[in-house]
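S.K.: Mind looking over this structure? Questions follow.
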Amino acid sequence: MVNVKNLVLGIGIIVVFALALWQGIEAFYPSSKYEDFCKSTAPQVPMLKQGAVCDLSSQLQREEERCYQQRGYPIYEYNNEGCQTSVKECDLCNIDFEKSQDNHAKSAFYIALIIGLIALIVGYSILTIEPVGSALIGAGIWSFFWGTLVNWRNLSSIWRFLLLLLALILIIYITIKLNTKKSQSKKKSKLLKKQKERFNK
C-alpha cells in the first residue's frame, strides 16, 4: 500500500514539475505570437468591378513566385478595375516570426538543461527520501527530453545524436550508482543481522 502511494506521489511530482517548468518559462520568457509579427498578412480580396476581367500577367506570376521562394507573402497593387497588377511589397514577417521562435526554443532548451541537471543532482545526492529522490531524477530526465524536443529543429543530426547519447550514459550511470548503493546497504544489513545473531548466541 505504501509503495502504491509513493508511486502516485512520484508521478505527481514529475507531472507538476513538468507543468511548472513549461509555465515558468512562458511566464518569464513568453513565446512569440504570430500576430505580433504578421499584422499585414490578412488575405486581401480585391473589390472587382462588375464585369471586370483580370489577366494574370507572366511578370506578376514571376514576382509572386520570387516572393514565395523567399518565404514571404506578396502584397499587391490594384488597378481601377480591382485587378492585381503587380507585387508592391514582399512581406517577410514570417521569417522574423520563425527567427523569434528559434531564439525562444534555444533559450528554453538551455533553461531546461540547467534545471534538469539541478533536479538530477538534488534527487540523486540531497533529497534521497523516497519517492522524492526518484521523482526528481525522473523530472530531471523529463526536463532534458522536453528541452531537446522543443529545440529539435535547430539541432543538427550530430548534435541530436550526441545529446541523446549523453543522456543515455547519464541515465545508465545514475541507475548503476543507485543500484550499487542498494546492494551495498543490503549487504551491510545482512552483516549486521549476522553479527546480532552471533552476539545473542
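S.K.: One residue is enough: does segment 2-20 have a residue meeting the conditions modelled with pLDDT under 85, in a helix (DSSP H, G or I) and open to solvent by less than 60 Å² (accessible area, probe 1.4 Å)?
M.R.: yes
S.K.: Looking at (1) at pLDDT 90 or above; (2) under 15 Å from the mean Cα position of the chain (by Cα); (3) among the small types (Gly, Ala, Ser), which is the only condition residue 32 fails?
M.R.: (1)
S.K.: Scan segment 98-116 and give yes if some residue there is out of contact with any Pro (no Cβ under 9 Å at 6 or more places or on another chain), at pLDDT below 85 and outside any loop (DSSP other than H, G, I, E, B), otherwise no.
M.R.: Scanning segment 98-116 turns up no residue that is out of contact with any Pro (no Cβ under 9 Å at 6 or more places or on another chain), at pLDDT below 85 and outside any loop (DSSP other than H, G, I, E, B).
S.K.: Test residue 153 against the criterion of being part of a helix (DSSP H, G or I), over 23 Å from residue 13 (Cβ atoms), of a type outside the set (Ser, Thr, Tyr) and in contact (Cβ under 8 Å) with a residue 24 or more places away in the chain, and give yes or no.
M.R.: On the way: part of a helix (DSSP H, G or I): yes; over 23 Å from residue 13 (Cβ atoms): yes; of a type outside the set (Ser, Thr, Tyr): yes; in contact (Cβ under 8 Å) with a residue 24 or more places away in the chain: yes.
So residue 153 fits the description; yes.
S.K.: If you check residue 81 against the conditions, is it at pLDDT 85 or above and over 27 Å from the mean Cα position of the chain (by Cα)?
M.R.: When the stated conditions are applied, residue 81 does not pass them.
S.K.: Being within 23 Å of residue 13 (Cβ to Cβ), open to solvent by 100 Å² or more (accessible area, probe 1.4 Å) and at pLDDT below 80 is true for just one of 201, 182, 190, 194. Which residue is that? Quick ask: steps written out before the conclusion?
M.R.: Working: 201 fails: within 23 Å of residue 13 (Cβ to Cβ); 190 fails: within 23 Å of residue 13 (Cβ to Cβ); 194 fails: within 23 Å of residue 13 (Cβ to Cβ).
Being within 23 Å of residue 13 (Cβ to Cβ), open to solvent by 100 Å² or more (accessible area, probe 1.4 Å) and at pLDDT below 80 holds for just one of 201, 182, 190, 194, which is 182.
S.K.: Looking only at segment 54-97, which residues are part of a helix (DSSP H, G or I) and hydrophobic (A, V, I, L, M, F, W, C)?
M.R.: If the condition is that a residue be part of a helix (DSSP H, G or I) and hydrophobic (A, V, I, L, M, F, W, C), then 60, 67, 93, 95, 97 are the ones that fit.
S.K.: Could I ask something else about it? Does residue 141 satisfy the condition of being modelled with pLDDT of 85 or more, exposed (fewer than 10 other Cβ atoms within 10 Å of the Cβ) and assigned to a helix (DSSP H, G or I)?
M.R.: It is false that residue 141 is modelled with pLDDT of 85 or more, exposed (fewer than 10 other Cβ atoms within 10 Å of the Cβ) and assigned to a helix (DSSP H, G or I).
S.K.: I'd like the full set of residues that are in contact with a Lys or Arg (Cβ under 9 Å, 6 or more places away or on another chain) and not hydroxyl-bearing (Ser, Thr, Tyr), limited to segment 73-82.
M.R.: 74, 75, 77, 80, 81, 82 - these are the residues of segment 73-82 that are in contact with a Lys or Arg (Cβ under 9 Å, 6 or more places away or on another chain) and not hydroxyl-bearing (Ser, Thr, Tyr).
S.K.: Scan segment 46-75 for residues that are modelled with pLDDT under 85 and surrounded by 16 or more Cβ atoms within 10 Å (Cβ to Cβ) and jot them down.
M.R.: Result: 73, single match.
S.K.: Here's another thing I want to ask about it. Give me the pairs: first residue in segment 107-124 and in contact (Cβ under 8 Å) with a residue 12 or more places away in the chain and open to solvent by 40 Å² or more (accessible area, probe 1.4 Å), second residue among the β-branched types (Val, Ile, Thr) and part of a helix (DSSP H, G or I), beta-carbon distance under 7 Å, and six or more apart or on different chains, which are they?
M.R.: If the second residue must be among the β-branched types (Val, Ile, Thr) and part of a helix (DSSP H, G or I), the pairs left are 111/25; 124/137; 124/174.
The values are calculated or read from the model by the stated rules, or taken from the named source; none is laboratory data. What you are looking at is a predicted structure, and each value in this text was computed from that prediction instead of being measured. Using ideal geometry, Cβ is built from the backbone for each residue, glycine included, and neighbour counts are taken over all protein chains shown. Please note that ligands, DNA and RNA were not included when accessible areas were found on the heavy atoms of the full protein model with its side chains. Shrake-Rupley method; radii C 1.70, N 1.55, O 1.52, S 1.80 Å.
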